[in-house]
Structures are given as structure tokens and as C-alpha cells.
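The values are calculated or read from the model by the stated rules, or taken from the named source; none is laboratory data. None of the values given here were measured: they were computed from a predicted structure. Virtual Cβ from ideal backbone geometry, glycine too; neighbours counted across all protein chains shown. All accessible areas refer to the heavy atoms of the entire protein, side chains included, with ligands and DNA or RNA removed. Shrake-Rupley method; radii C 1.70, N 1.55, O 1.52, S 1.80 Å.
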Number of protein chains: 2
Amino acid sequence: MPASKRDQLLATAERLFYEQGFHATGIDRIVAAAGVVRMTLYNHFPSKEALVAAVLKARHERFIASLEAAMAAAAPGQKTLALVEAHGHWLERYSQHGCIMAKAMGEFAEHSTEIHALAAAAKTDLLARLEAAVARDGLDHHAGLARRLFMVLEGSNTAVALLGVQTALADTRAVTDALLATARSETP
Amino acid sequence: MPASKRDQLLATAERLFYEQGFHATGIDRIVAAAGVVRMTLYNHFPSKEALVAAVLKARHERFIASLEAAMAAAAPGQKTLALVEAHGHWLERYSQHGCIMAKAMGEFAEHSTEIHALAAAAKTDLLARLEAAVARDGLDHHAGLARRLFMVLEGSNTAVALLGVQTALADTRAVTDALLATARSETP
DNA sequence: CTGCATTTAGATAGATCGGTCTATACAGGA
DNA sequence: TCCTGTATAGACCGATCTATCTAAATGCAG
């Protein structure tokens with residue numbers, strides 16, 4: 001079953017937006033790389049902004065699905081750690097050159113409220129799932145733990161791009177372990 | 001002494017690039033906001049890319065100067081903490097909407113090797129200074145400490161934009177304290 | 001006052017931008 | 001077979017992009 005033209009456009013646009021930036025990637029380059037014609041894009045998406053929104057939504061759904069799968073497979077009490085590890089796996093496979101949501105927030109901050117809000121919501125969604133994992137692991141008595149882990153994951157996005165995957169993920173694990181050890185040592 | 005036209009251009013371009021992005025900010029908007037004419041810009045900078053490079057260099061120099069000043073004023077053994085605090089001050093005053101170097105890396109990754117390298121060098125420069133501070137505080141037996149602190153600072157860049165300055169800086173201090181406490185508890 | 005460098009105003013260039021339009025080709029289902 | 005939805009090819013639009021050019025005005029130093 002070959003991918004639909006719409007899926008080809010989404011995948012191509014995601015790659016180009018991620019590699020070259022949103023404003024620097026023109027419609028012509030997207031349709032040429034996707035092997036379709038200009039009107040096909042506008043047949044599926046009413047505007048470039050709508051295409052950007054669809055790309056971000058689809059990517060975030062895949063991201064969340066991989067996190068949820070890892071958490072579901074993790075033993076009780078290990079949900080938080082599984083989430084952090086799954087985040088690392090995602091960086092390794094799909095996001096070695098910075099977070100696309102962070103890039104979108106930067107490029108659309110004063111240019112499209114909708115896109116900026118969408119990207120910001122993706123980030124706070126990760127935070128919310130971290131909070132849920134911390135609660136399921138019985139660590140939510142440690143106020144702000146999820147927020148601190150979130151900050152570490154955000155830092156690992158940049159660290160991967162600057163220091164390489166191996167180093168960045170090892171450091172992420174180390175800091176995560178330290179934070180979790182502190183949280184577990186405190187009796188509720 | 002009024003600012004020179006060149007300085008006006010640098011300051012205006014820095015603000016617009018930071019708020020609206022690099023590719024989304026046109027030459028016309030920069031010169032209009034700076035109150036000069038287009039040829040004045042091209043009289044001082046050979047191209048937009050050169051203007052971007054000059055903006056990033058000037059901003060990084062100011063950033064490093066404020067870090068160095070804080071470190072110089074800090075008591076012995078407190079250099080690392082002073083550097084982290086100075087970074088927080090910088091975020092609070094000038095960088096509440098994400099790191100301009102990270103934005104530049106995202107927008108110029110496949111568009112200008114020079115700009116991308118410049119922004120990446122600014123980031124690794126911060127890491128190098130963290131390593132120097134850790135060494136001066138006698139904590140360099142704790143392998144990777146500087147790298148982990150660096151990752152936390154990178155995360156705080158994003159956290160400030162998403163969770164607000166107060167929360168992000170408090171979390172940064174908390175994680176930093178935890179990492180430093182662990183390092184200090186290990187005898188060299 | 002003169003001379004030089006800077007700044008101004010504005011036209012201009014060629015390329016690219018996002019987006020629209022028409023006419024044609026082609027597929028699969030009724 | 002015909003009909004409908006989708007894709008194609010390509011012209012076209014106005015706007016904007018970076019960059020260059022000329023000619024006049026301005027300001028400051030010698």
C-alpha cells in the first residue's frame with residue numbers, strides 16, 4: 001500500500017522543516033521533494049501555516065505514542081525512568097539536531113499564535129505526562145520533581161546536538177538517577 | 001554620546017532577530033526600525049549574513065562578560081555556583097523567550113555553515129567556562145559534572161519560556177545544588 | 001571655507017515567496 | 001460507459017526578499 005500523497009507531503013515537509021527551518025523552506029521545495037505538484041498540496045492543506053500545524057500535530061502524536069508504549073511496558077515504580085529512557089530513544093532516532101517544537105516556537109512566536117501555542121502545548125504535554133508518571137511511581141510528594149526532570153529532558157535536546165547522542169544520553173541518565181534517588185530517599 | 005548608526009543597527013537587528021526569527025525578519029524592517037536607510041546597513045555590513053554574525057558575536061561577548069564579572073566577584077570555591085546564578089540573571093534580563101544561539105542553529109543548520117558554527121561555538125564556550133569554574137572550585141575529580149550542569153542550563157533556557165522565570169530559575173538552582181552536593185560529598 | 005566620509009532618498013534589479021487559476025489527464029466505482 | 005474525485009502541468013498574481021546603483025544632502029575635520 002503506497003503512502004497517500006497527503007502522507008508524502010507530511011513526511012517531506014516534516015523533514016525539510018526540521019532540517020532547514022520553517023520560513024526558509026518554500027512551498028516549491030516541499031512539493032518538488034515530495035514528487036507532487038503545487039495544487040496537490042493546496043488540495044490537502046489550505047495554507048502553509050496549516051501544513052506546519054499538521055506536521056507538528058502528527059509528529060507529536062508519534063512522539064507521545066512511543067512514550068506511552070514504553071511506559072505501559074515498564075514495571076510498576078519504573079514509569080518515570082521508562083519515560084526518560086523513551087525520550088532518549090526518540091532523540092536518538094528522530095531528533096539529533098534540536099527539538100522541532102522549540103524551533104517552531106522560535107520562528108512563530110510573533111508570526112503565528114496558533115503554531116506557537118501548538119508547539120508550546122506539545123512541550124507542556126510532555127511535562128504533564130512526566131507529572132503523571134511521577135505520581136504513578138508514588139514520587140509526587142517530592143514537589144517539583146517532574147518539572148526538574150522536564151528541564152533535564154529539555155537540556156538533553158540541545159546537548160544531543162552539541163555533544164553527540166552517547167554523551168548527552170549518558171549525562172541525562174546520570175542527572176535523572178540523581179534526582180530520582182533524592183526523591184526516593186525522602187519518606188512520604 | 002549618541003549611539004552610532006552601526007550600533008543602532010546591531011541593537012535593532014538583535015531585537016528583531018530574537019523576537020521574530022532570522023529569516024522572517026527582512027532588511028527593510030530592520031532599517032525602518034533602526035531609523036536609517038537601507039544603504040547605511042550595507043555600508044556597515046556586506047550582507048545580511050554578516051549582520052547576523054555580528055549580532056551573535058556582540059551578544060555572546062556581552063554574555064561572557066557578565067559571566068566573567070560574576071565569577072570574578074565570587075568567593076573561592078563558589079565560582080561554579082556564581083556562574084550558574086549569572087546565567088540565570090542573563091535569562092531573566094535578556095533571554096526570556098529562548099536562546100538566540102539555539103534559534104540561530106536551527107535556522108542556519110543547512111543554510112550557513114558560518115552562522116551555525118558561530119552559534120555552536122558560543123554554546124561550547126559556555127561549557128568550557130563551566131569546566132574551568134568546576135576546576136577552579138576543585139570539583140573536577142567529578143567527571144562530567146560541568147557537562148551535566150551545562151545540560152541543566154540549556155534546559156533552563158527552554159523552561160524559562162514555558163514555565164516562567166521564577167519557576168525555571170528555582171528549579172535550576174535546585175538541580176544545580178543537588179549536582180554540586182553530590183560532587184562535594186565525594187572525596188577527591 | 002573646503003574636502004571627505006557618511007547618510008539619505010528612491011529607483012531598480014532579479015529571485016523567490018505564498019497562493020490562485022484553468023485546462024487536461026487519469027483513475028476507480030456506479 | 002459515464003461520472004466524480006484526484007493529480008498534473010504550467011501560467012499567473014501581487015508581495016516581498018536581498019542587494020545594487022545614482023544623485024543629492026549632511027556633518028565634521030583640517
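Things to note:
- Peptide B:47-57 is shielded by partner chain Cβ atoms: per residue, an average of 0 of them sit within 10 Å of its Cβ.
- Set of lysines with alpha-carbon distance to B:LYS48 below 30 Å, sequence-local pairs under 8 removed: A:LYS48, A:LYS103, B:LYS5, B:LYS57, B:LYS103, B:LYS123
- Solvent-accessible area assigned to carbon and sulfur over region B:103-188 amounts to 51 percent, based on a 1.4 Å probe.
- Closest approach of any chain B Cβ to the axis that rotates B onto A belongs to B:GLY155, 1, distance given in whole Å.
- Residue-normalised accessible area of chain A, expressed per residue, 1.4 Å probe, Å²: 44
- Restricting the calculation to Cα atoms, chain A shows an Rg/Rh of 1.03 when the hydrodynamic-style radius is the Kirkwood one.
- Table column - 3J(HN,Hα) (Hz), region A:40-52, Karplus curve with 6.51, -1.76, 1.60, x for Gly and Pro: 5, 4, 6, 6, 9, 10, x, 7, 4, 4, 5, 5, 4
- Per-copy distances of the B:ALA75 label point, shortest first, in nm (7 angstrom along Cα→Cβ): 4.5
- Interface burial for A against B (accessible surface, 1.4 Å probe, total of both chains, Å², rounded to 100): 2900
- Measure of compaction for the protein assembly as shown (Cα Rg per 2.2 N^0.38 Å): 1.04
- Take each residue in B:100-107, count the other chain C-beta atoms within 10 Å of its C-beta, and the mean is 6.
- Per-residue average of Cβ from other chains inside 10 Å of B:140-147: 2
- Orientation-averaged projected area, Cα convex hull of region A:105-149 (nm²): 3.4
- Sequence-distant aspartates and glutamates (8 or more away, or on other chains) whose Cα lies within less than 17 Å of A:LYS79: A:GLU68, A:ASP125, A:GLU131, A:ASP137, A:ASP140, A:ASP177
- For region A:1-45, Kirkwood radius (reciprocal of mean inverse C-alpha pair distance, Å): 10.4
- Our summary of shape: the Cα atoms of region A:14-81 have principal axis extents of 51, 23, 20 Å, ordered from largest down, in whole angstrom.
- Fraction of the pair-distance distribution of region B:78-133 above 20 Å, Cα-Cα pairs, percent: 34
- With N as its number of residues, region B:132-184 has a Cα radius of gyration that, divided by 2.2 N^0.38 Å, comes to 1.20.
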